[in-house]
Ligand SMILES: Cc1cc2nc3c(=O)[nH]c(=O)nc-3n(C[C@H](O)[C@H](O)[C@H](O)COP(=O)(O)OP(=O)(O)OC[C@H]3O[C@@H](n4cnc5c(N)ncnc54)[C@H](O)[C@@H]3O)c2cc1C
């Protein structure tokens, strides 16, 4: 078996690194750029390079390339801190979800504008009293003739204030067990009845939002997949979200900077760097397994746990190496402050361990 990159993959990496560096030069370097680096201009440039929908099938306008190519491009973008957030959710999650569950009309309407980098999406999942336990969500969509009437509140909605569309997870029925009766609906963010409030996080970034729905009406045809059957669909989508390279590389720029400043004559520091390099290597193997669909079902929970806990170790290493420099509110301080969020977003480590124990290892429920 040859684990090395092919010449084509090496060339793709070099070209992606060039595009990423150019993006940083033009639009700036962003901490956790897949979440914070918002630039629609750069989205259009990514589209022009064929870097959006790279692995989607041809019939949906995608590049039909091996999924590994997308990982290479994403890794270079995130390492450089290039502003990929405006296209990220659509490319990573909403596009694949619409390909799998959307109607032909939805695919025709929404996929081309994700591919061209024109539209930004946000994900309306979490609520003030419903995060880990998604099945307890209360935001509702009432069936009213040709429309859904939406009421409720979402929170922690990244890009709620910038997005064109929300991929909303909501309740369309109260019958049966809690996980039944949940549906996914596409909601244009300019729909009357939507109020958005930005939340400032501790790094001073404002991608988070609270989104309030009061009798917001959207066409019936915006339902994605099976009415009341979205719990399974959402879990499938979260697999895309949890097993990706973004979960490993978010603060790689911080690591590179701290490493460049580290006293490598110090044996303790050298050990730490060796440990982190091992972490990057193992994490990359786990991600590749997910991407190549070689991991067991549900294993993305373990991949997410390992990779995001590694990112937290990176943040701790940087704080020790940079010392006082890290306490001055600057670019790398923001990178450091994102540390705690890694093991929360996309499902907490505790919940990932529950999934691993119960669904993958078949252990008894605690
Ligand atoms: C940077 C960032 C970006 C985000 N972006 C989005 C977004 O775009 N859209 C969106 O919808 N949401 C988003 N979120 C929200 C995120 O999905 C939730 O924060 C997460 O699911 C946890 O939910 P919660 O905050 O309500 O915590 P809770 O579910 O209330 O959990 C609180 C604590 O209890 C623990 N816990 C809960 N249940 C169990 C259990 N069964 N067993 C063991 N321990 C348990 C958790 O591990 C945690 O430590 C984002 C979060 C972050 C940090």
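What to note about this one:
- Taking other C-beta atoms within 10 angstrom as a stand-in for reagent exposure, 175, 32, 144 fall in the order 175, 144, 32, fewest first.
- The fewest-to-most ranking of 30, 336, 212 by surrounding Cβ atoms within 10 Å reads 212, 336, 30.
- As an equivalent ellipsoid, the chain spans semi-axes of 34, 23, 21 angstrom, where each value is the square root of five times an eigenvalue of the C-alpha gyration tensor, largest first.
- When peptides 344-350, 359-365, 258-264 are sorted by average Cβ neighbour count within 10 Å, with the highest value leading, the order is 344-350, 258-264, 359-365.
- Ascending count of other beta-carbon atoms within 10 Å, so fewest first, for 5, 148: 5, 148
- With the convex hull constructed from alpha-carbon coordinates only, segment 7-119 shows a mean projected area of 6.2 nm² over all directions.
- Taking N as the residue count of segment 123-228, its C-alpha radius of gyration divided by 2.2 N^0.38 Å amounts to 1.03.
- Working from Cα pairs under 8 Å separated by at least six residues, relative contact order for the chain is 14 percent.
- Rounded to 10°, Cα long-axis angle of helix 104-115 versus longest principal axis of the chain: 30 degrees
- Degrees separating the helix 230-242 axis from the principal Cα axis of the chain, which is the longest one: 10 degrees
- DSSP bridge analysis restricted to segment 173-316 gives an antiparallel fraction near 90%, rounded to the nearest 5.
- Alpha carbon convex hull of segment 82-134, projected area averaged over orientations, nm²: 4.8 nm²
- Cα pair distances exceeding 15 angstrom across segment 270-319, given as percent: 46 percent
- The C-alpha atoms of the chain define a longest principal axis, and helix 7-27 lies at about 80 degrees to it.
- Beta bridges per DSSP with both ends in the chain, % antiparallel, nearest 5: 80 percent
Just so you know, all these numbers are worked out from the coordinates, no wet-lab data involved. No experiment lies behind these values; they were computed from the predicted model shown. A quick note on method: Cβ atoms are made from the backbone with ideal geometry, for glycine too, and the neighbour counts reach across all protein chains shown.
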